[in-house]
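Contents: one structure, followed by commentary.
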Amino acid sequence: MTLERRLLYRSAFWEIARPRHPLTAGHILIRLSDPSTEFGLASASDWLFCHNLARAALRDVLGATRHAVMFAHRWHPLGSAIGEPVAESSTPTFHLFGRWDGESTTPGAQLSLPAHHRRGEPDHRLEAIDAAVREALRLNRPTSMVSSGHDVSHGVEPSAESGSLVRTVQAGTHHTVIEPTRAVTAIREIRASELLAIAASLAELPLTGGLSGFSCLALEPKTADAPIRVHALGRSAAETTNPLEDLLRSPEVSLALL
């Protein structure tokens, strides 16, 4: 398993890279190039651009047709990190997991193991895959950034209230689900303003009961009449149980990751 983060593509604000500890061949990072960058309309639009570009590359190289995104908010995975990737750094980082038929292992199977027991793809195999992914990223990159996700307005005024763009649902103790109010069934369909509204809702979640941050998982629905859902699980270094273990076993998440 490689210990060097391998850069695959750099955009205006974000970079697409292979993590230091890739769990599968479809495990890719979308990582902020400058950690001091504010998450505003421009950087949100650029994130969507990189996400869509990475998905297209994973489709072309590996045949990936399903995807999930994991990230930590004000939280640093500890110890065995059951249920979540180990921290790459303190820089804002999103873990994109591409899924395809016939994959040799799954993200959920890897995440269910303690970090020191996980075994990802051999480095020599990843080198060849990453060369192909890098080329696919180059070929899929549009000549017009504005036409492919860099149009920061996406048809919604930047001044729109975040409360009108997303809703939050309390799914359990320290478990919140954030959904766009508009019918959005794929992350590639989401607008930058909606992405900002999700981020604002996440930032407003209270850190009560000793919580220090959140483990987050964004899932696309299996049916056309359901919205994208972002699960935010409150986390604490003093927690007696890991809430991700139960979430991984839930029907919605197991279908996406296992």
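None of the figures in this text is laboratory data; all of them are computed from the coordinates on show. Because the structure is a prediction, the values reported are computed rather than measured. Here the Cβ is made from the backbone with ideal geometry for all residues, glycine too, and neighbour counts use every protein chain on show.
Which ³J(HN,Hα) values, rounded to whole Hz and listed in residue order, are derived for region 203-212 from phi using the Karplus coefficients 6.51, -1.76 and 1.60 in 6.51 cos²θ - 1.76 cosθ + 1.60 with θ = phi - 60°, glycine and proline given as x?
5, 8, 5, x, 9, 10, x, x, 5, 10
So what is the calculated 222 nm ellipticity per residue for the chain, using -39500 (n - 2.57) for each DSSP H run with n of 4 or more, over all residues, to the nearest 500 deg cm²/dmol?
-8500 deg cm²/dmol
Could you order peptides 48-61, 124-137 by the average number of other Cβ atoms within 10 Å of their residues, highest first?
Values: 48-61: 22.3, 124-137: 16.2.
Listed from highest to lowest mean packing, they are 48-61, 124-137.
So what's the Cα pair-distance distribution over region 165-258, bin width 5 Å, in %?
3, 13, 24, 23, 19, 12, 5, 1
Just the number, please: Stokes-Einstein D of the chain in µm²/s, Kirkwood Rh from C-alpha pairs, 20 °C, 1.002 mPa s.
For these conditions, the coefficient is 115 µm²/s.
What ³J(HN,Hα) values, in whole Hz, does the Karplus curve 6.51 cos²θ - 1.76 cosθ + 1.60 give for region 77-93 when θ = phi - 60°, with x put for Gly and Pro?
With coefficients 6.51, -1.76 and 1.60, one gets x, 10, x, 6, 6, 4, x, 8, x, 5, 5, 7, 5, 7, 5, x, 9 Hz.
Would you please give the residues with an amide H less than 5 Å from that of residue 235, counting only those at least 5 places away or on a separate chain, with H modeled from the backbone geometry?
Amide H neighbours of residue 235, under 5 Å, 5+ apart: 212, 213, 214, 215.
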